[in-house]
1. Do you know which residues across the stretch 114-126 are more than 9 Å from the ligand (Cβ to nearest atom) and either within 19 Å of Asp139 (Cα to Cα) or of a type in the set (S, T, N, Q) (or both)?
2. Evaluate the stretch 143-155: report whether one residue or more is under 24 Å from Tyr17 (Cβ atoms) and either in contact with a helix residue (DSSP H, G or I) (Cβ under 7 Å, 6 or more places away or on another chain) or near the ligand (Cβ under 10 Å from one of its atoms) (or both).
3. Taking the stretch 149-168 on its own, how many of its residues are under 21 Å from Leu47 (Cβ atoms), part of a strand (DSSP E or B) and not aliphatic (A, V, I, L, M)?
4. Would you pick out the residues in the stretch 96-144 that are out of contact with any Gly (no Cβ under 9 Å at 6 or more places or on another chain) and among the basic types (Lys, Arg)?
5. Return the residue satisfying two criteria in turn: it lies in the stretch 1-43 and is aliphatic (A, V, I, L, M) and surrounded by 13 or more Cβ atoms within 10 Å (Cβ to Cβ), and of such residues it is nearest to Ile90 (Cα to Cα).
6. Only one of Val159, Val109 is over 20 Å from Gln6 (Cβ atoms), touching a residue at least 60 places away in the same chain (Cβ under 8 Å) and buried (at least 22 other Cβ atoms within 10 Å of the Cβ). Can you tell me which?
7. Go through (1) within 13 Å of the ligand (Cβ to nearest atom); (2) under 21 Å from Ser218 (Cα atoms); (3) not hydroxyl-bearing (Ser, Thr, Tyr) one by one and return the number of the condition Asn173 breaks.
8. Restricting the search to the stretch 102-116, which residues are in a loop (DSSP other than H, G, I, E, B) and over 14 Å from Asp66 (Cα atoms)?
Amino acid sequence: MSSDAQSAANALNLAAYFDDLYRPTERYWWRRGDPYSADPDDYPTSLLTQLTLRVIRDRVPGRALDLGAGEGADSIRLALLGYTVTAVEISEVACEKIKSFAAEAGVDVSVVSADIGAYRPEGQFNIVICNGVLHYIRDKTRVIGLMQEATSPGGLNIVSSWTTFSEVPPCHNSVPVYCDDENGIIAHAYASWTLKLKYFERDKAEASHTGMPQHSHSHVKLIAEKPAP
Ligand SMILES: C[S@@+](CC[C@H](N)C(=O)[O-])C[C@H]1O[C@@H](n2cnc3c(N)ncnc32)[C@H](O)[C@@H]1O
């Protein structure tokens, strides 16, 4: 199989995997508390979300791009804060959920059904989020390069991805996963950006999944500001 055909097959498989996860439950992610709260203190177990809210509260809202947006919690929270948001997702079920949750929340989110491995962002964004997604992407360098290009000077990239610190448990074996080293592609890609946050979360018990045995993941998480040219 050519590498393009392999990528297309992987994308279909990923979309079907996430469709199946999202279909049976009203909300798969962000089930505890208000997923759209703008108060950083409402996210005591997510340093990334907490600090994102603290960093952006003094900024004028602009355009935001949420890659692998899931059910749209980050997108909708930013839209409620005044951002013009584009959410990109490979799962059609997720795309429908983002639209209906955004309507319920009374905001507009532009939803694009696409594989971020092949997607080209249009224009410049003040915030680009890729939360929990890059471990599904083999060519991270390409995707991060496009994220960085699409970020305006002074804009932020917000990234969370699994690292090789923990082995990926067998319950996640149905789709290919490409964890990064803690000081791997992701950390290096942001070496010349201003880091507002960078940390390695190690062996954190996963609380979001339903129907999977108890397991943990390790992450690299960062908030980075693009330097002026
Ligand atoms: C762990 S979930 C995170 C969802 C969301 N970012 C959040 O934090 O709630 C990963 C999401 O990335 C999406 N995804 C994975 N690979 C993708 C790809 N190649 N293109 C677009 N979306 C992708 C999945 O469908 C899934 O919804």
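Every read-out reported here was derived from the displayed coordinates using simple, explicitly stated rules and does not represent laboratory data. No experiment lies behind these values; they were computed from the predicted model shown. Note that we place each Cβ from the backbone using ideal geometry, even for glycine, and neighbour counts take in every protein chain shown.
1. Within the stretch 114-126, Arg120, Pro121, Gln124, Asn126 meet the criteria.
2. Yes; the residues of the stretch 143-155 include at least one that is under 24 Å from Tyr17 (Cβ atoms) and either in contact with a helix residue (DSSP H, G or I) (Cβ under 7 Å, 6 or more places away or on another chain) or near the ligand (Cβ under 10 Å from one of its atoms) (or both).
3. Total meeting the criteria: 6.
4. Arg120, the sole residue that qualifies.
5. Filtering first and then ranking leaves Ala15.
6. Answer to the check: Val159.
7. (1)
8. Gly106, Val107
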